[in-house]
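Notes follow once the structure below has been shown.
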Amino acid sequence: MKKLPVYTESIPGGAIVATNLEAVLNFGRSKSLWYLLFGTACCAIELMCTGASRYDFDRLGMIFRASPRQADLIIAAGTITKKMAPRLRRLYDQMSEPRYVIAMGGCTVKGGPFYYDSYSVEKGIDHIVPVDIYIPGCPPRPESLLEGCLHLQEKIRKQKLSEWQEK
Ligand code: SF4
């Protein structure tokens, strides 16, 4: 963000305008991630705890939304069964682009303790939706989720406008 005032600079070519505009837009998007909760099991308690006063998600500009229409991030936290998979996909499809996914906890990432001997649990939500950040642990602590969100913000800041396309 060294060249924020794009409108006051002398601009030798369109490329610089696009680059700086990208930086401004990405900075704004990374600092206002409104997230849709998809909490299904124990990991969701850690997610709720992260949103509460002790860890205070809001200070990262992360506001909880109960509707996919205004959310740009979905945080899946907990065991995802095969029966839930189409619902998760539907919610993801209802979000507008560009959209992001965080998989929180061993169950969401890879089926967790249900990886073996379970006919009903999805072995990773990357079979259902594209995942941007994986947070391992059973359950991961709120600090892990916060770190994952900071990594996502960094990823968004480096994103090109041309990458804003349907996945
Ligand atoms: S990863 Fe562990 S804590 Fe999280 S939902 Fe699965 S069993 Fe529960």
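General remarks:
- Computed magnitude of the charge dipole of the stretch 66-167 (debye, nearest 20; Cβ of K, R +1, Cβ of D, E -1): 220 debye
- Listed residue (38, 68, 138) projecting farthest to the positive dipole end of the chain, Cβ model: 68
- Annotation for the stretch 24-69 versus the stretch 99-127: alpha-carbon center distance of 20 Å.
- Loop-located chymotrypsin sites (Phe, Trp or Tyr not before Pro) across the stretch 65-167 with a Cβ neighbour count of 15 or fewer within 10 Å are 115, 116, 119, 164, with loop assigned by DSSP.
- Candidate aspartates and glutamates for bridging to residue 158, where Cα separation is under 12 Å - those fewer than 8 sequence places away on the same chain excluded: 22
- Sparsely packed loop sites in the stretch 17-78 (the trypsin sites (Lys or Arg not before Pro) outside DSSP H, G, I, E and B with at most 16 other Cβ atoms within 10 Å) comprise 31, 54.
- Rounded, prolate or oblate (a/c below 1.5 giving rounded, otherwise prolate when a/b exceeds b/c) for the stretch 49-167 by Cα gyration tensor: oblate
- Sequence-distant residues sharing a close amide H with residue 64 (under 5 Å, placed H): 35
- Helix 14-30 axis versus longest C-alpha principal axis of the chain: approximately 40°, rounded to the nearest ten.
- Mean separation of Cα contacts under 8 Å (6+ apart) over length of the chain, as relative contact order %: 23 percent
- Dipole magnitude for the stretch 15-123: about 240 debye, using +1 per Lys or Arg Cβ and -1 per Asp or Glu Cβ, origin at the Cα centre.
- Virtual spin-label span in nm between residue 151 and residue 94, 7 Å along Cα→Cβ: 2.9 nm
- Axis of helix 142-157 versus longest Cα principal axis of the chain: the two differ by about 40°, to the nearest ten degrees.
- For residue 80, residues with placed amide H under 5 Å, excluding near neighbours: 122
- In this structure, the residue pairs whose Cα-Cα separation is over 28 Å, taken from 31/160; 83/110; 83/160; 123/155, are 83/160.
- Of the beta bridges in the chain, as assigned by DSSP with both residues counted there, near 5 percent are antiparallel.
- 0 to 90° range, to nearest 10: angle between helix 85-94 axis and the chain longest Cα axis: 20 degrees
Rule-based calculations on the coordinates, nothing more; no lab input. This one's a predicted model, so the numbers in the text were calculated from it and none came from an experiment. Methodologically, a virtual Cβ is constructed for each residue, glycine included, from the backbone with ideal geometry; neighbour enumeration extends over all protein chains shown.
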